[in-house]
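Read the structure below first, then the notes.
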Amino acid sequence: VGRQRELDLVKGFLMIMIILIHSFQTIGNLDTVNSYAHEILFALFMPTGACLYLFAMGFGSVFTRHSEPKDMVKNGIKLLAFQALSNLCYAAVIVISFCLRNLIVGEVPGSRELYQENLYAVLTFVNIFFISGMCYLVLALYKKLNVKPGGYIISAIVVGIVTPFTRLLVSDNQALNWILDMTFGGKGETSFCFFPYLSYVFLGYVFAKVIRKVPEDEKGAFYKKSGLVCGIVAAAWFVICIVMHPGVDGFFNYMIEQYRTPGLVKVVGTFCSIILVFAVAFFLMPIIEKWKFVYNKLCYYSRQISKMYAVHIGVYWTIAGFAAFYEFSVRDCLILSVVVLIVTDLLVQGYLKLTDKLKG
């Protein structure tokens with residue numbers, strides 16, 4: 001019972017890496033996006049990334065006190081609403097920052113077209129909130145049907161098997177194709193698609209069912225065994241991927257394709273990678289706990305991961321608007337990612353203090 005601290009440490013660290021990688025993807029120039037720095041970072045953390053977020057969501061659905069189907073439906077609808085709300089907020093910060101910049105220093109030639117392109121992009125943005133919301137609705141259905149853990153495992157395998165085929169579903173109708181894309185990921189125009197990520201949600205649910213049966217004083221032995229087995233499988237999968245897709249570009253291209261629409265092999269590789277990092281975090285915990293600031297920050301980022309995720313993207317779009325969509329170098333992105341992490345942290349803290357006062 002209670003929070004699983006190894007999960008908090010992994011999620012907190014992952015949030016920092018997400019902010020770093022998003023700096024390349026939101027404000028980087030073409031050379032930055034195609035740089036080895038971005039491609040290597042993405043390929044190394046792609047086996048976890050959003051996959052771990054969805055895995056943790058399935059995991060958390062077992063531990064939460066609000067695990068009834070109606071609670072999950074409520075959470076799912078709320079997350080879908082957050083997707084729409086966050087898109088409007090991203091559009092608002094782009095409009096405000098871009099217009100303020102133009103009022104102060106004048107408009108940069110050619111920036112108006114980039115402004116319109118980015119405004120359209122954020123208004124049609126589909127990301128982790130959409131996936132989470134849809135997955136909660138599926139979990140609610142499974143809970144209502146009283147599906148046993150074996151059913152979740154079978155479902156995860158089936159999703160991994162059929163995903164390479166469902167991603168072939170495309171349409172000439174623009175509206176229908178957008179729906180198919182954000183469901184199955186065929187055309188690749190939306191940021192994420194929810195169906196392939198169901199595998200991670202299902203496996204997270206099953207892992208939570210397992211970990212609840214492990215006494216606290218036996219978790220070390222459990223993670224030694226599971227971490228060793230999963231570490232071997234994850235390492236073998238990683239090496240095979242590198243051999244079959246040689247070179248940084250080849251490896252990156254394969255990983256980014258599998259990131260959106262993972263097949264069964266990718267699902268197994270990611271699952272083993274996630275269990276491995278949990279095991280590593282569990283054994284590193286006594287060391288990290290001595291660094292109070294780092295430990296507390298990682299746990300804080302984990303607890304507030306939805307807010308951190310939502311806000312940091314808005315901060316990047318604010319920078320983009322004030323910069324008239326100037327595209328930054330690798331060094332600039334690395335520096336700005338630290339700035340964005342600090343600003344995001346402060347904004348979330350300010351929001352929590354404000355809501356606490358309002359509740360008081």
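Overview of results
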| quantity | calculated |
| --- | --- |
| Environment charge of GLN4, counting only residues whose C-beta is closer than 11 Å and scoring Lys/Arg +1, Asp/Glu -1 | +2 |
| Net charge over other residues, Cβ less than 14 angstrom from the Cβ of PHE45 (K, R count +1; D, E count -1) | 0 |
| Between the stretch 269-331 and the stretch 146-184, the alpha-carbon center distance in angstrom | 28 |
| Three principal axis lengths of the stretch 228-284 [C-alpha, angstrom, descending] | 34, 21, 17 |
| Spin-label proximity, VAL265 to the stretch 131-160 - amide N less than 18 Å from point 7 Å beyond Cα toward beta carbon | 157-160 |
| Highest-fluctuation residue, VAL210, VAL268, VAL33 considered, GNM on the chain with Cα pairs under 10 Å | VAL210 |
| Principal-axis tilt of helix 5-27 within the chain, Cα atoms, nearest 10 degrees | 30 |
| Most mobile of ILE161, ILE96, ILE313 in a GNM of the chain (Cα contacts under 10 Å) | ILE96 |
| Aspartates and glutamates whose Cα lies under 13 Å from that of LYS144, excluding same-chain neighbours fewer than 8 positions away | GLU68, ASP71 |
| Selection from LEU88, LEU358, LEU228 lying farthest towards where the dipole of the chain points positive, charges on Cβ | LEU358 |
| Segment LYS78-ILE242, length gained on full extension (0.36 nm per residue, minus Cα span) | 55.0 nm |
| Förster radius 56 Å - calculated FRET efficiency between LYS209 and ILE104, Cβ distance, rounded to 0.05 | 0.50 |
| Greater than 30 Å apart at Cα, pairs in LYS78/LYS297; LYS74/LYS353; LYS11/LYS78; LYS78/LYS290; LYS224/LYS290; LYS225/LYS290 | LYS78/LYS290 |
| Accessible area per residue in Å² at 1.4 Å probe, computed on the stretch 1-108 | 45 |
| Neighbourhood charge, 14 Å Cβ-Cβ cut-off, centred on PHE194 and excluding it, Lys, Arg +1 and Asp, Glu -1 | +1 |
| Pairwise centroid distance, computed over Cα atoms, of the stretch 32-60 with the stretch 61-83, Å | 24 |
| Free-standing Cys, the chain [no other Cys Cβ under 4.7 Å] | CYS51, CYS89, CYS99, CYS135, CYS193, CYS241, CYS299, CYS333 |
| Rounded tilt (10° steps) of 128-144 against the dominant C-alpha axis of the chain | 30 |
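The values are calculated or read from the model by the stated rules, or taken from the named source; none is laboratory data. Source: prediction; values computed, not measured. As a convention, Cβ positions derive from the backbone with ideal geometry for all residues, glycine included, and neighbour counts pool all protein chains shown. Note: areas computed on protein heavy atoms with side chains; ligands, DNA, RNA excluded. Shrake-Rupley method; radii C 1.70, N 1.55, O 1.52, S 1.80 Å.
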